[in-house]
Amino acid sequence: MATMDEGSGIRDDLVAMRRYARSLTRDEQDADDVVQDAIVRAIERQETFQPDRDRRRWLLAIVHNVFFSAKRREASEARRNSRFAETLVDRLEPGQEEHARLVQIARQFAALPEHHRAVLHLTAIEGFSYQQAAETLGVPVGTVMSRLARARAALREREQGQQGATGLRLIGGSDD
């Protein structure tokens, strides 16, 4: 059983872990996720802790490793998404404008979360019914429907955001 001093020491370690994670992530919720993952990793690897070593430094090293491992994973996924988007349009030979538009759509599709991409692919590309997609993914039909709605909404939001950012604006006149 932990003594009062150990309990307050652990609390102080958690505060330090959270403070360091916030410094790395610059976001409270992401910091909490990093700390949670770090705690799980520390528990799983508690036998590697050396009692003569400073516990807080060990825990902060775990926070550091969890954060940068996630960043490497994200960068790797972004590279995979980009390569995937390029393969979606490589075999097509449309005009330059259509090609640019297809690359844009493919990148937006590739940037969707995995569960949204899966549902959208199965229904829109493979032509599966909602029921068939649900059976393939092992989820209820309602889940397929809500994920599909969210995927479509995300694509619409990205499309509207890009149109607003890159759209031409008429200055001094009218477009009648």
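Taken together, the values in this text are just the output of simple stated rules run on the coordinates, not laboratory data. Only a predicted model underlies this, so the values are computations on that prediction, with no experimental measurement involved. FYI the Cβ positions are ideal-geometry reconstructions off the backbone, even for glycines, and counts take in every protein chain you see.
Per-structure values
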{"quantity": "Full-stretch length increase - residue 102, residue 33 - with 0.36 nm per residue and alpha-carbon distance subtracted", "calculated": "21.3 nm"}
{"quantity": "Cβ-Cβ FRET estimate between residue 56 and residue 143, R0 fixed at 30 Å, reported to 0.05", "calculated": "0.10"}
{"quantity": "Amide N of the stretch 51-66 lying under 15 Å from the label point, which is placed 7 angstrom from the Cα of residue 40 along Cα→Cβ", "calculated": "63, 66"}
